[in-house]
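Only the coordinates and a few stated rules stand behind these numbers; no lab work does. None of the values given here were measured: they were computed from a predicted structure. Reconstructed Cβ throughout: ideal geometry from the backbone, glycine too, with neighbour counts over all protein chains shown.
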């Protein structure tokens, strides 16, 4: 306004009213509310978002390429590090894809343990989402309570597998080791103590007017757009489409469990919040049913050329020792072919594509990561919203950058 | 009128939220004052490795390289050597033993595959998780650091009983 135009060369256009024009700002990659190293390029008109472009790749680690240099069983530990909030779900997707290629039959007990652990992990993943989502919107207390509850689940996972964040508990053809003694009692203790904690979260957030006004009507996506952009999981169910792979295409015996698939119609941040809150209750129901179904039995498939023998058999039987050496040193060959297997991870449809050329190492492994696909719909949700609502929308689609960049 | 309603509803929400917060004060605490108090680890916890010896103090490792083959991150380095001396004077239980056994903790991912692979129970995961060092070179642990006879028990952790309660870490205020 006060700039003199007389001395400037003609190619410089002087803006008389700076507030009328658009401004491009960079949000991230070190922004605490982007849940990892996500950079958003935002074009703003005042406080309104005109255009949002996610810029990813800051966490690229070349995991998919790494699979091609590792034996099939060594790939399991890589999957732990993709979606680090839901490692057991990643383990399950990968081992089930390889089992599909091998045509392995998994014993009943191993299947029940897989369901039990995956649902515990889903609750843990949703607790991190709830804590960070609330923290982004200014409610700090919930964050501490969520992490306290998650700690109990991590202790349970640590008791089974030895790892807290990187369990690698599932193996091709079964699970690593049977559950430790007294585990059913510990799970029961958790399932008894969790509902009051969930009620506390509901008191703090669901009934809170301040939280409601931050989330209701924000970040809307229509069911048509949600399908077009390939959104899956709780983010899709928040738009009124009740697609859950545990129901639509059951695996590991999910068809025999009694649970509801929560669906909300509004398609905004609040609807996605409600879906995840209700899903925790449903997961708890599945955990209770699975714990009641645990019966003694083998936890590894009867496939001596693929599954490591029991420790005692390996030390006393020559053939078991030979198989042990061959599996560990050379791996096992997987029949030639391609396979795609999808599971319902805590973020959505986690698909694994494995291509084998008949050797001990995969020819190609690709992951259809739910966070990656859900993030691609972020521009649709935030365009036309205020800049302060971007953190609410990012929190509501629950992304993990380790899975997006792989 | 709607502004008045907003103020009333927000105040109600804050009071409701604070009542939950205040109700936590007399309850037991989950927080552990590490390192003043030891943290609890589960029996299967995967910490720093231990190289085991038999009752005569001889190393159990026979340098079969199975742990190195199983390792997804290629962090184990072994040199196998023959020890032709009579059985009671040997370093290892067998004629063949590992004269060098290094684990690079800059690479190790604590997956437990080496422990699963070992046919002689010579390597297991210990419980030590305090592995921070000031120099990157110090992350390379040799046999002198890994042998069970050379490792010291840290006072900063305790191992839980296998059937201990989930809530056992709660502290009385």
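Some observations on this one:
- The mean count of C-beta atoms from other chains within 10 Å of the C-beta of residues in A:325-333, rounded to a whole number, is 3.
- Gain upon complete extension [residue B:124, residue B:16; 0.36 nm per residue less C-alpha separation]: 33.8 nm
- Ordering of A:337-348, A:388-399 by packing is A:388-399, A:337-348, highest average first (other Cβ atoms within 10 Å, averaged per residue).
- Folded to 0 to 90 degrees: helix B:2-23 orientation relative to chain B principal axis, Cα: 40 degrees
- Within the range A:67-91: backbone nitrogen closer than 16 Å to the residue A:366 label point (7 Å, Cα to C-beta): A:67-68
- Neighbouring Cβ atoms from other chains, within 10 Å of the Cβ of residues in A:67-76, number 2 on average.
- Whole-number percent relative contact order across the range A:63-404, with pairs defined as alpha carbons under 8 Å at least 6 apart: 26 percent
- Rounded FRET efficiency, nearest 0.05, which uses the C-beta distance separating residue B:25 from residue B:88 and R0 of 60 Å: 0.40
- Residue A:310-residue A:105 FRET efficiency (beta carbon distance; Förster radius 30 Å; 0.05 resolution): 0.95
- Helix-only arithmetic for chain A: the sum of -39500 (n - 2.57) across DSSP H runs with n ≥ 4, divided by the residue total, places the mean residue ellipticity at 222 nm at -14000 deg cm²/dmol.
- Taking each residue as 0.36 nm, the span from residue A:43 to residue A:357 lengthens on full extension beyond its C-alpha to C-alpha distance by 108.3 nm.
- Here the Kirkwood formula puts the hydrodynamic radius of chain B at 19.9 Å, using every distinct Cα pair.
- With a 10 Å cut-off around each Cβ of B:38-47, the average count of Cβ atoms from other chains is 5.
- P(r) tail fraction, the protein assembly as shown - alpha-carbon pairs more than 46 Å apart, %: 22 percent
- Stretching the chain fully between residue B:33 and residue B:9 yields a gain of 4.8 nm (0.36 nm per residue, less the alpha carbon separation).
- The range A:138-192-the range B:84-99 distance, computed between alpha-carbon centres (Å): 43 Å
- Förster-model FRET efficiency, 22 Å R0, residue A:247 and residue A:295, C-beta, rounded to 0.05: 0.30
- The range B:1-122, relative contact order in percent, only Cα pairs under 8 angstrom and at least six apart counted: 24 percent
- Cα centroid separation, the range A:195-238 to the range B:32-54 (Å): 40 Å
- Take the Cα of residue B:150, step 7 Å toward its Cβ, do the same at residue A:228, and the gap between the two points is 6.5 nm.
- Antiparallel DSSP beta bridges within the protein assembly as shown, percent to nearest 5: 90 percent
- Cα-based convex hull, the range A:63-404, per residue volume (Å³, whole number): 122 Å³
- Descending principal axes extents, the range A:74-224, alpha-carbon based, whole Å: 52, 42, 23
- Ordering B:114, A:118 by the number of other Cβ atoms within 10 Å of each residue's own Cβ, fewest first, gives B:114, A:118.
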